[in-house]
1. Can you name the residue in the stretch 237-275 that is basic (Lys, Arg) and modelled with pLDDT of 90 or more and, of all such residues, is farthest from residue 65 (Cα to Cα)?
2. Go through 181, 242, 265 for me and flag whichever is of a type outside the set (A, V, I, L, M, F, W, C) and not assigned by TED's automatic domain parsing to the domain that holds residue 159.
3. Sort out which residues of the stretch 220-259 are over 18 Å from the mean Cα position of the chain (by Cα), of a type in the set (Gly, Ala, Ser) and assigned to a loop (DSSP other than H, G, I, E, B), and write them in order of number.
4. Looking at (1) β-branched (Val, Ile, Thr); (2) at pLDDT 95 or above; (3) buried (at least 19 other Cβ atoms within 10 Å of the Cβ), which is the only condition residue 73 fails?
5. Determine, yes or no, whether residue 80 is without any contact (Cβ under 8 Å) to a residue 60 or more places away in the chain, more than 26 Å from residue 255 (Cβ to Cβ) and not in a loop (DSSP other than H, G, I, E, B).
Amino acid sequence: MPERPGIGGSTRLYAVLGCPVAQVKAPALLNPVFSRLGLDAVLVPVLAEPEHLGEIVRGLQRIGNLDGLLVTVPHKADVRRFADTVSGAVTQSGSANALRREPDGRWSAENFDGIGFVRGLSASGFDLAGKRVSLIGAGGAGGALAAAVLAAGAAHLDVCDRDEDRVTEVTNRLGPYWPGRLAGTVTPRLDGADLVVNATPLGLRPDDPLPFDVEGLPSGAAVADIIMEPRETALLRAAEARGHRIHHGSHMLIHQLDLYREFFRLDAPERAELS
């Protein structure tokens, strides 16, 4: 296995933006990929307060040896404005979680949250086809998951968020693609759900309330959380204690690694020559 060179003057930079950012797992997963490929590159976390996001992103984009950005809560929707071109997944989801510098200096945005989540579920033996899903949270990640879950064949999706405007935005955006299979509500709708997904930040902090009452879960419903750290969120512990199948947030990121590798062209011939 090739060894990644030490950080030096020729090192290429990648950053993951979030607030908070201490919980991000991307550096621990992607930096070993750089090492395996023998690439002189490093991914670092950047704490970006929402009120300073524009200054931070524009500053990073002007760094000549910075090739890409990963984006986490709460910036996935807002970061779209810093891209020159966006993918179909970004248009459908209303958010982005990766930006790439193109050879001409323009920036392209993509979203891998949805497909990463669906691939993680599939790898764990959960088939979405024909299932009823309740999604709690209609923010940047929630919009991406909503589109991917419907594309994967879910029979019906309830999108739930306390912010009615967010719910309306998601249902209006996705409804024309999947008519009759999508509904929105400001309170969690758990009745009849085969899978309930937490796509909110609730669970990042020890004193966070649960995103919904697990006592309302139907018998046999599975519960998924997209939070990476802690791995065992209070929601997952509570659901498992009541006998429900659980699905950890780490699966979503792990199944995005190959997609990041392709998106950032880490295997491109000119990069491979560095190894």
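The values are calculated or read from the model by the stated rules, or taken from the named source; none is laboratory data. Only a predicted model underlies this, so the values are computations on that prediction, with no experimental measurement involved. With ideal geometry, Cβ positions are generated from the backbone for all residues, glycine too; neighbour counts draw on all protein chains shown.
1. Taking the stretch 237-275 first, the residues basic (Lys, Arg) are 237, 242, 245, 261, 265, 271.
After this cut, where a residue has to be modelled with pLDDT of 90 or more as well, the list is 237, 242, 245, 261, 265.
Values: 237: 43, 242: 50, 245: 44, 261: 18, 265: 15 Å.
The extreme case among them is 242.
2. Numbers: 181 fails: not assigned by TED's automatic domain parsing to the domain that holds residue 159; 242 fails: not assigned by TED's automatic domain parsing to the domain that holds residue 159.
Just a single option satisfies the conditions, and that option is 265.
3. Passing the criteria: 220, 221, 243.
4. The number of the failed condition is (2).
5. Taking the combined requirement at face value, the residue does not satisfy it.
Rundown of residues vs (1) in contact with a strand residue (DSSP E or B) (Cβ under 7 Å, 6 or more places away or on another chain); (2) in a loop (DSSP other than H, G, I, E, B); (3) aromatic (Phe, Trp, Tyr), yes/no style:
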position: 173; (1), (2), (3): no, no, no
position: 176; (1), (2), (3): no, yes, no
position: 184; (1), (2), (3): yes, no, no
position: 212; (1), (2), (3): yes, yes, yes
